[in-house]
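These notes concern the structure reproduced below.
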Amino acid sequence: MFIDLRNVSYTYNLNMPFETEVLKSINLSINEGEFIGIIGHTGCGKTTLLQLLNGLLEPTNGKILIDGIDIHKDKNKLREVRKNIGLSFQYPENQLFEETIFKEIAFGPKNMGIKGDSLIDNVKKAMKMVDLDYSIYKERSPFNLSGGEMRRVAIASILAIDPEVIILDEPTASLDPQTRNRILRLIKDIFKRYSKTIVLVSHNMEVIAELAQRIIVMDKGRIVLDNSPKNIFRNNVTSLEQIGLAIPQITSMMHKLRKMGKPIKPDVLTLEEAKNEILKIVKKK
Amino acid sequence: MIRFINVTHAYHNEREESTISLSDINININTGDFIAVIGANGSGKSTFARHMNGLLLPSKGNVIVDGNNTNDSDKLWEIRKKVGMVFQNPDNQLVATTIEDDIAFGMENIGIEESEMKKRVEWALNLVGMHDLRNKEPHLLSGGQKQKVVIAGALAMHTSYLVLDEPTSMLDPKGRKEILETIKKLNREEHITIIYITHFMSEAAEFDKIIVLDNGKIALTGAPKSVFLHYDKLKELNLELPQITMLAKLLNDNGLDISPNILNEKEMIEELCSLI
């Protein structure tokens, strides 16, 4: 599935006294199998962009093409888009409502007309993807779960419609470190094993640096940078700070050592890379 | 001082089953303390915080705030004036249409006279560094700025304790930095006691003391430098080390002569400079 946003703008309260343009001529192509991280300060238009991507909102100007077809010109395409692009909002556990975890996860595929054994298969597969044991969890209430389990149920209910593209808005907010790491491992796994396209929005630069292959930086309704994590975090320290963002803590420290004349690579992003780089330099000495 | 004496708290669900979320907690929080509280999801952090101003009452035991017991309903207003609370989502705590009205909201409720109110709004706005933005509408502020207005509202009540429950979990990096700087200043300059719940280990590293909760009990307490030496224990409790500390530990494990409990970039650079 190939997503192509052409000159897309979005204005809330159009023709009203409080009209605000939150997205300004966005041009963005998302290829099949990409892992994209979106970063930007609060209020930069990220959430609106996500809602446009899965057809929840219609652009004020411009076009959204999916596999070359304008989704707002063709009602059938729009339905297909909603089925193939799964969107998990912030704090998705707030949207849980069913009596059992099975019913919760089955809700989406059931609405799409999936029944019987295929419905059970869909639910089983989705639960497996988020590491929830089907026989243990299926009859339990989604409300008597830990924060991390609830989050996984909520993500599974998106996966159950078997979308080709998965959009996750801050999937690890308010989770403790190990639970966060577990969710991140699951996302990595879903990306690799089930070859999905993933769009991840987060304020956590360390998370983005570790997972994404390509980063989109937004500011005031525009895309200001679009590049690989290594390039983004190597060259744009000041401009990222100016727009309320940061570079990963480790990257920042390594930059400072480099400025002091230490022979360090300029694009260290993760803990593992930093460790290896420092050990390599110590050995040479 | 806030004293927890044998505090147990049990939640009851509709089937009358109870879950213990705090279990026989004993701790003193001293005036002027700058404390971070960490723990896994469901370890009892928020329940712990909500006992400090009587939003929740102990099932057993007592919480004493400057000599007043939260179990004594006559003292509850006094206690709530002293202990301000800041939650995750500032949008749930902002109520008025202007920043000044928002800060004055609590004072209006307790009938403080107008001239005094104006003075305090002014003072609180300055403390959180929002004086220049005072005429903006609250909904046009960034997340960090909104949280600062919530904090100013608590300050205007002349609160001596500020309890913040994951105040930065919805904020971008700049907003997080602003909040940490603000509460540091409030502690250092105004001697306001800070109790700060967080899932970010790098934030916890910046406090004087850390309380680690596990299953409703205090599992560890101490200065960050000593708490973050307990790598295995923290891992067992679903926590981890701050990234910089983790790097120091990994390097130390690999035979480098570096302290395993480095807490921040500055310390790390100092130690590495003599090695590489």
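Read the figures in this text as sums done on the coordinates, not as results from a lab. It should be emphasised that the depicted structure is a prediction, and the values quoted were computed from it without experimental measurement. Backbone-built Cβ (ideal geometry, glycine too); neighbour counts: all protein chains shown.
Here the label points at B:Asn28 and B:Glu113, each 7 Å from Cα along the C-beta direction, are separated by 3.9 nm in the simple model.
Rounded to whole numbers, the Karplus 3J(HN,Hα) couplings from phi for region B:17-27 are 7, 10, 10, 7, 10, 10, 10, 6, 7, 10, 7 Hz, using 6.51 cos²θ - 1.76 cosθ + 1.60 with θ = phi - 60°, and x at Gly and Pro.
Assuming R0 = 51 Å, what is the FRET efficiency of A:Arg185 and A:Arg79, from their Cβ-Cβ distance, to the nearest 0.05? Mind showing how you got there, number by number?
Numbers: r = 33 Å, r/R0 = 0.64.
Using R0 = 51 Å, I get an efficiency of 0.95.
Directionally averaged projected area (region B:2-224, Cα convex hull): 12.4 nm².
Secondary structure note: in the protein assembly as shown, about 55% of the DSSP beta bridges are antiparallel. Assuming charge only on the beta carbon of Lys and Arg (+1) and of Asp and Glu (-1), the dipole of chain A about its Cα centre is about 1160 debye to the nearest 20.
Of all DSSP bridge pairs formed entirely within chain B, close to 55 percent run antiparallel.
Backbone phi angles across region B:30-36, fed through the Karplus curve with coefficients 6.51, -1.76 and 1.60 (θ = phi - 60°), yield HN-Hα couplings of 7, 4, x, 5, 10, 10, 9 Hz in residue order; Gly and Pro are listed as x. Ordering B:Tyr196, B:Ile25, A:Tyr194 by Cα displacement along the dipole of the protein assembly as shown toward the positive end leaves A:Tyr194 in first place; charges were set at the Cβ atoms of Lys, Arg (+1) and Asp, Glu (-1).
Evaluate region A:175-285: find the radius of gyration of its Cα atoms, find its Kirkwood radius, and give the ratio Rg to Rh.
Values: Rg = 15.4 Å, Rh = 15.4 Å.
My calculation puts Rg/Rh at 1.00.
In chain A, the DSSP beta bridges split such that about 55 percent are antiparallel, to the nearest 5.
Just to verify a number: FRET efficiency for A:Arg222 and B:Asn92, C-beta to C-beta distance, R0 = 41 Å, to 0.05?
On the way: r = 30 Å, r/R0 = 0.72.
After rounding to 0.05, the efficiency reads 0.85.
Subtracting the Cα-Cα distance of A:Asn231 and A:Phe97 from their residue separation scaled by 0.36 nm leaves 44.0 nm. Along the axis of the charge dipole computed for the protein assembly as shown (Cβ charges of +1 for Lys and Arg, -1 for Asp and Glu, origin at the Cα centre), the listed residues A:Asn15, B:Ala124, A:Gly108 are led at the positive end by A:Gly108. Here the simple spin-label model places points 7 Å from the Cα toward Cβ, and for A:Ser118 and A:Glu34 these points are separated by 3.1 nm.
Residues whose amide H comes within less than 5 Å of that of B:Leu213, counting only those at least five positions distant or on another chain, are B:Ile38, B:Gly39, B:Ala219 (H built at 1.01 Å from N in the peptide plane).
Here the alpha carbons of chain A define both size measures, Rg and Dmax, at 20.5, 67 Å.
One Cα centroid belongs to region B:119-188, the other to region A:198-229; the line between them spans 28 Å.
Please give the net charge around B:Lys266, taking every other residue with its beta carbon less than 13 angstrom from that of B:Lys266, where Lys and Arg add +1 and Asp and Glu add -1. For residues surrounding B:Lys266, the net value is -4. Between region A:1-78 and region B:49-108, the alpha-carbon centres lie 42 Å apart. Phi angles of region A:103-112 translate, via the Karplus equation with coefficients 6.51, -1.76, 1.60 and θ = phi - 60°, into HN-Hα couplings of 4, 4, 6, 6, 4, x, x, 4, 4, 8 Hz per residue; Gly and Pro are given as x. For region A:91-114, list residues with backbone N below 18 Å from a point placed 7 Å from the Cα of B:Asn13 toward its Cβ? Under 18 Å, as judged by backbone N against the label point of B:Asn13, lie A:93-105 of region A:91-114.
Please quote Rg/Rh for region B:164-203 to two decimal places, taking the Kirkwood radius as Rh and restricting both calculations to Cα atoms.
Numbers: Rg = 10.1 Å, Rh = 10.5 Å.
My calculation puts Rg/Rh at 0.96.
Dimensions of the protein assembly as shown based on its C-alpha atoms, expressed as ranges along the principal axes with the largest first, amount to 69, 63, 54 Å.
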